[in-house]
Every structure is written in structure tokens, then in C-alpha cells.
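Comments concern the structure below.
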Amino acid sequence: MEQNPLVLSTSPHVKSSESVRKIMISVTVTLLPAAAFSVYQFGLYALLMYAVSIATCLLSEWIVVRLRKRPFSLGDYSALITGILLVMVLPPRFPIYGVILAAVVAIAIGKQIFGGIGNNIFNPALIGRAFIAATYPVFIITWTLPRVGFDAISKATPLSNMKFDGIVTPVSPLFFGTVGGSIGETSALLLLVGAVYLVAKKYIKWRIPASIFVTVFILGEVFHLINPVRFPGPVFHLFSGGLMIGALYMATDMVTSPLTNKGCVIFGCSIGFLVILIRLFGGLSEGVMYAILFMNAFVPLINRATKPRIFGKGADNE
């Protein structure tokens with residue numbers, strides 16, 4: 001009888017048609033509706049910011065990769081996504097030189113200094129945003145109202161109105177994005193539409209945004225019940241500021257989020273807790289960026305604490 005030879009090979013043994021490039025392209029496509037809407041809302045200057053940020057991210061990655069004498073990596077499109085996300089969390093009239101600086105920091109320090117894609121500890125776009133917030137604190141809190149001229153400036157976003165003036169913006173403008181704020185974070189509807197596709201394709205871990213939303217909702221409701229005059233309701237927290245884009249597109253970053261299901265829940269709940277803590281009791285009106293970056297640092301510990309038991313090993317033998 002003919003015998004079939006035993007073929008040995010290295011992992012992975014489960015093959016898939018998915019690739020980093022395909023996933024990154026999908027994420028980019030899902031961001032396009034929100035990005036296009038932001039250009040419609042805030043004008044061609046927002047489009048210029050996108051173009052400059054993307055070009056700077058791609059150029060910075062190319063230069064650093066060449067200096068490190070590593071294989072060319074622009075084909076994975078990760079730098080493209082960083083450039084888009086960075087602009088989406090910046091004010092609409094942020095200076096172009098600031099966009100360039102933020103993009104360079106995001107790629108060179110937030111990503112390549114750790115070894116490139118797959119090795120970074122923190123979300124690169126948020127690293128760029130955090131750096132620029134410390135460098136240009138006045139510009140980072142200067143906002144333009146949607147669909148108005150260049151000189152129409154307002155420092156009153158929904159979150160700052162709530163925190164410093166006690167004015168709560170209705171849910172409808174927050175949901176559809178007809179309010180002031182960062183360029184691409186205002187329309188919760190378009191961000192949710194894109195994220196639904198990513199969840200269906202299993203490109204993002206749904207437990208992370210779900211845990212963030214549930215935690216923010218519960219804590220927001222608790223504090224609202226304690227003092228409804230001082231603290232807004234939970235729905236306001238869900239649709240205001242950068243919670244949607246942070247929970248759906250930044251906290252779910254494959255590299256900087258936990259690997260296990262239990263770890264994703266711990267990670268998401270912790271982010272939600274920090275967001276409410278900063279928004280209600282901190283000196284800032286927004287806390288999504290800092291909450292995500294803070295929890296990024298704990299991901300290795302979360303992975304270690306929630307790693308599954310080795311197959312065939314009993315609890316008594318650990």
C-alpha cells in the first residue's frame with residue numbers, strides 16, 4: 001500500500017487569506033466617510049491637514065526605515081492610517097507646522113523607535129497628539145465651529161461647555177457631528193458605521209469598545225443620579241469628545257491592546273473608568289487620549305495575568 005509521508009512544518013499551521021496590508025486598507029476605507037464629512041464640515045484646510053499628515057508620516061517612516069537598514073515597509077499602509085487618525089484628533093485649524101511635527105513624532109518615536117509595526121507599545125497617533133498637546137497647548141484647545149469661515153473661532157466644545165459652564169449639548173448634534181471639536185471625532189454615526197464592518201470582519205476586538213461604552217454609561221449614570229445638575233447623563237458621555245474614535249479605532253489597535261478576551265474586558269473597563277474620572281474630576285474636559293495611553297502601558301501585564309492555562313495542565317499543578 002502507498003504510504004503518505006508525514007510533513008513537518010513550522011507554525012502557523014492555520015492559514016488565512018488575511019494580511020496586514022488587507023486589514024489596514026479595510027480600516028482606511030472605513031475611516032473615509034468620517035474623514036470626508038470632516039472636510040465638508042471644516043473646509044479645505046482640513047483636507048490640507050490630512051494631505052500633509054499622511055505625506056509626513058509616509059516620508060518619516062521611509063527615512064527611519066532606511067536609517068535602520070530595514071526592509072521597505074510602506075506597503076503595509078500602517079503609516080497611512082496613523083496620518084489619518086492623527087488629523088482626526090486635532091483641532092480644525094491646527095497650524096500645518098504643528099501637524100508635521102506631530103506626524104514625525106508619531107512615526108519616529110511612537111512607532112519606529114520600538115522596532116516598527118508590531119512592536120510599538122503605545123498608539124502612534126496618540127503619541128503624536130500627546131506631544132503636540134504639550135508643545136502647543138493654546139492651539140490644541142482652539143476650535144473652529146463647523147461650516148464657518150477661517151476667523152470664526154470658538155473655544156467652546158460640548159465637553160468644555162459641560163465642564164466649565166454646565167451646558168449640556170443635545171444628543172442629536174453629537175450623534176450626527178454638527179458640533180465643534182476635533183476634525184474627525186464629531187460624527188459618532190459615521191464612526192460607528194465603519195466600526196460595524198471591522199467588527200463583522202473580526203479586525204477589531206469588539207470586547208474593548210463594548211467594555212469602554214458599558215463602563216462609561218454605568219459610571220456616567222451613577223454620577224448623574226448623584227448630582228444631575230453638575231454631572232451630565234451617560235448618553236452625553238458616549239457621543240461627546242473623542243470617545244467614539246478612541247474606543248473604536250485607537251483602543252482596538254491590534255498591537256497595543258491585550259490578546260486575551262478577559263484582558264480586553266479589563267483593558268476596556270479601565271479606559272472607561274479613567275475617561276469618567278478625568279472628565280468629571282480632572283483639570284481637562286477630555287480624557288480619552290490619556291486613558292488609552294495610560295492603559296497601553298499595562299497591556300503586557302494584562303496579557304501575563306490573563307494568559308490561558310497550558311493545554312493539559314491542571315490547576316493544582318501550576
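The values are calculated or read from the model by the stated rules, or taken from the named source; none is laboratory data. Quick caveat, the model's predicted, so the values are computed rather than measured. Every residue, glycine as well, gets a Cβ built from its backbone with ideal geometry; the counts of neighbours run over all protein chains shown.
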task = From (1) surrounded by 14 or more Cβ atoms within 10 Å (Cβ to Cβ); (2) at pLDDT 90 or above, pick out the condition that doesn't hold for residue 222.
result = (1)
ask   = Looking at residue 184, is it crowded, with 24+ Cβ neighbours inside 10 Å and not β-branched (Val, Ile, Thr)?
value = yes
request  = Provide a single number: the residues in the range 205-226 that are in contact (Cβ under 8 Å) with a residue 40 or more places away in the chain and in contact with a Phe, Trp or Tyr (Cβ under 8 Å, 6 or more places away or on another chain).
outcome  = 6
inquiry  = Report every pair of residues separated by at least 6 positions or lying on different chains whose Cβ atoms are under 6 Å apart, first residue within the range 21-47 and in a helix (DSSP H, G or I), second among the basic types (Lys, Arg).
reply    = 41/147
query = What residue, among those in the range 163-179 that are out of contact with any helix residue (DSSP H, G or I) (no Cβ under 7 Å at 6 or more places or on another chain) and either of a type in the set (Gly, Ala, Ser) or closer than 13 Å to residue 37 by Cβ (or both), is modelled with the highest pLDDT?
reply = 172
query = So which residues in the range 225-244 are more than 12 Å from residue 168 (Cα to Cα) and surrounded by fewer than 20 Cβ atoms within 10 Å (Cβ to Cβ)?
reply = 225, 226, 227
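Per-residue answers, yes or no, for (1) of a type in the set (Ser, Thr, Tyr); (2) closer than 28 Å to residue 143 by Cα; (3) more than 15 Å from the chain's Cα centre (by Cα); (4) in a helix (DSSP H, G or I):
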residue: 231; (1), (2), (3), (4): no, yes, yes, no
residue: 248; (1), (2), (3), (4): no, yes, no, yes
residue: 254; (1), (2), (3), (4): no, no, no, no
residue: 263; (1), (2), (3), (4): no, no, yes, yes
residue: 266; (1), (2), (3), (4): no, no, yes, yes
residue: 280; (1), (2), (3), (4): no, yes, yes, yes
residue: 283; (1), (2), (3), (4): no, yes, yes, no
residue: 286; (1), (2), (3), (4): no, yes, no, no
residue: 294; (1), (2), (3), (4): no, yes, no, yes
ask   = Name the residues in the range 69-113 that are of a type in the set (Phe, Trp, Tyr) and at pLDDT 90 or above, would you?
value = 94, 97
